[in-house]
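The values are calculated or read from the model by the stated rules, or taken from the named source; none is laboratory data. Not measured: the values here are computed from a predicted model. With ideal geometry, Cβ positions are generated from the backbone for all residues, glycine too; neighbour counts draw on all protein chains shown.
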Amino acid sequence: MQFERVIVVDDDPLIRRLIVGHLQKQNIPVLGVVNCQQAIEAQQKEPADLMIIDLLLPDGNGLDVMQAVKKMGPVECIIVTSFGSIESAVDAMKLGAANYLLKPFTLAQFDMALSQLLEQRKLREENDYLKEQLAAETSTWELLYTSPEMAEVEKLIKRVGPTNATVLIEGESGTGKELVARAIHQNSQRAHSPYIKVNCAAVPENLLESEFFGHEKGSFTGASSRREGRFELANGGTLLLDEVTEISLGLQAKLLRVLQEKEFERVGGNRTIRVDVRILATTNRDIERAIAAGEFRQDLYFRLNVVPVKLPALRERAGEVEFLLRSFLDRLAKKYNKPTPAVSPEALRQLSDYHWPGNVRELQNYAERAVILAEDDRALEFHDFIVSRPGGGMGARPGAGAGGAVAGGASGAPAIAEDEVLTVEEMEKRLIRNALKKTRGNRNEAARLLGINVRTLRNKLNLYEQELGLEAVPPEEGA
């Protein structure tokens, strides 16, 4: 991280040339001007992110310049003067100066002021990002397990963590891919450096490049100021590319270059920025199938898949449902200041037999709802966890009504008899089959009818591919 452009405002030619020359040797774009008017005009024409301003100028006061340029946009200011006093220093800091240097100063003192300023900026940006990330996360759990399958994953985390190897974490939605990524970072030599995440599926495609690499002011509509991207924020630490297979092919090529060369340019910029970032990536898709379909670059896959970590689905983790359920109930009861509810033996059996399409995240969500609604004097039953959504639909509990579209069979789906009991899995299959038939295989339209997003539908299709007979449902263009 360094300054993008610096303006030095000083009417003393020796001081001005000394600072300008020193910054040019560091390949930092810099401009020297001699008075207030030139400083303001230069900032209006091509904004700098740092201004070095003399306190006393031929046509005015440096503090007035600082206040004027700060109104134009974000800029850091260091005030320098030969006539310093405690009062003037306090005034400068109150008005927004980042630092205050007394002439004469050495280049070492000047460099120290710049380093402190860069460190403060980095801390602010990391703090802003962490606040944003914490606000988006409802809760955080460490990696909980008892199964031998997850014990092998833990063993792999401890082996790969201390290295700088790129890791690709594969698994269904809700299996704990992000927790594994965080554990890898915490077991690495970068544990005390930034850990930055970008959800590639959640950011609109037209904004994802800016999210990765940042952008310059005016590079696109809405780019009102310069912004650093996730790669810069993660410099020296770890960057998690969550759901990496959702990136467009065009951006995949740019990502490949960053992974190979460790450098990039901001959107709308021409200055090459180098970074030292460890990459972790996750996907819930069959990535080899995505490559075969031309949706993911094979060379990028090879670059990401240095160390593969594959997480088992909850239904494949032997005997773990009861352990996880009790762990979640204990923690959630403390969170909501309630006694930990008991669970009936029959409910435990049914929950252990349940398919858990949403994996550990689904179990955690159901446990939270059960704790919130629990009655102190009654053990929880299966229906306290697995309940229908309004009007039936995806995730309805066994035996729950699914609405007229399914029950009536008007669109060709098998009718559900009044006394027929369906598993959640069978209900989902019927609803998906019905929606795909009704939309002639258009997955976007089918997802809209089901009230879910396309990504969720694709996960269900991957899960139920053989049972649904997808080869008989020709997808439309763009589906």
The range 162-177 residues that are at positive phi, paired with ones that are surrounded by fewer than 21 Cβ atoms within 10 Å (Cβ to Cβ) (beta carbon under 6 Å, 6 or more apart): G174/G358; G174/R361; G174/E362
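Name every residue in the range 208-224 that is more than 12 Å from the chain's Cα centre (by Cα) and either of a type in the set (D, E, K, R) or surrounded by 14 or more Cβ atoms within 10 Å (Cβ to Cβ) (or both), in order of residue number.
E209, S210, F213, G214, H215, E216, K217, S219, A223 - these are the residues of the range 208-224 that are more than 12 Å from the chain's Cα centre (by Cα) and either of a type in the set (D, E, K, R) or surrounded by 14 or more Cβ atoms within 10 Å (Cβ to Cβ) (or both).
Is it the case that E172 is out of contact with any strand residue (DSSP E or B) (no Cβ under 8 Å at 6 or more places or on another chain) and among the acidic types (D, E)?
For E172, the condition - out of contact with any strand residue (DSSP E or B) (no Cβ under 8 Å at 6 or more places or on another chain) and among the acidic types (D, E) - is met.
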Check on A290, in the same structural domain as G229 (by TED's automatic domain parsing), within 24 Å of K177 (Cα to Cα) and either modelled with pLDDT under 90 or part of a helix (DSSP H, G or I) (or both): yes
Residue check, E41 within 34 Å of the chain's Cα centre (by Cα) and not assigned by TED's automatic domain parsing to the domain that holds E216: no
Among the candidates A333, A370, residue that is touching a strand residue (DSSP E or B) at 6+ places or on another chain (Cβ under 8 Å), at pLDDT below 95 and in a helix (DSSP H, G or I): A370
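Anything in the range 140-154 that is at pLDDT below 60 and either surrounded by 10 or more Cβ atoms within 10 Å (Cβ to Cβ) or touching a His at 6+ places or on another chain (Cβ under 6 Å) (or both)? List them, or say none.
Of all residues in the range 140-154, those at pLDDT below 60 come to 140-141.
Once the filter is applied, which keeps residues that are at pLDDT below 60 and either surrounded by 10 or more Cβ atoms within 10 Å (Cβ to Cβ) or touching a His at 6+ places or on another chain (Cβ under 6 Å) (or both), the range 140-154 yields only W141.
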Boolean, V277 is touching a Leu at 6+ places or on another chain (Cβ under 9 Å), surrounded by fewer than 22 Cβ atoms within 10 Å (Cβ to Cβ) and of a type in the set (A, V, I, L, M): no
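Got a sec? Which of I15, I28, I52 is in a helix (DSSP H, G or I) and among the hydrophobic types (A, V, I, L, M, F, W, C)?
Values: I28 fails: in a helix (DSSP H, G or I); I52 fails: in a helix (DSSP H, G or I).
Criteria check complete, one pass: I15.
Does A293 satisfy the criteria of being within 22 Å of the chain's Cα centre (by Cα) and of a type in the set (G, A, S)?
Numbers: within 22 Å of the chain's Cα centre (by Cα): no; of a type in the set (G, A, S): yes.
Against the criterion (within 22 Å of the chain's Cα centre (by Cα) and of a type in the set (G, A, S)), A293 does not qualify.
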Residue within the range 47-57 that is free of Cβ contacts under 8 Å to residues at least 60 places away in the same chain and on the phi > 0 side of the Ramachandran plot present: no
Qualifying residues in the range 166-202 (those that are farther than 22 Å from V275 by Cβ and among the polar types (S, T, N, Q)) - the one surrounded by the most Cβ atoms within 10 Å (Cβ to Cβ): T175
Total residues in the range 72-93, condition among the charged types (D, E, K, R) and at pLDDT 85 or above: 1
Unique match (being surrounded by fewer than 19 Cβ atoms within 10 Å (Cβ to Cβ), touching a residue at least 24 places away in the same chain (Cβ under 8 Å) and not polar (S, T, N, Q)) among E205, E261, E232, E246: E205
Residues within the range 55-101 that are under 21 Å from Q38 (Cα atoms) and in a strand (DSSP E or B), tallied: 10
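Considering each residue of the range 336-367, count those that are assigned to a helix (DSSP H, G or I) and either in contact with an Asp or Glu (Cβ under 8 Å, 6 or more places away or on another chain) or closer than 15 Å to E381 by Cβ (or both), and give that number. Show your work before the answer.
Filtering the range 336-367 for residues assigned to a helix (DSSP H, G or I) gives 345-353, 359-367.
Within this subset, residues satisfying the condition of being either in contact with an Asp or Glu (Cβ under 8 Å, 6 or more places away or on another chain) or closer than 15 Å to E381 by Cβ (or both) are 345-353, 359, 366-367.
So the answer is 12.
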Residues satisfying the stated conditions in the range 102-115, i.e. touching a strand residue (DSSP E or B) at 6+ places or on another chain (Cβ under 9 Å), of a type outside the set (A, V, I, L, M, F, W, C) and either under 15 Å from V75 (Cα atoms) or not in a helix (DSSP H, G or I) (or both): K103
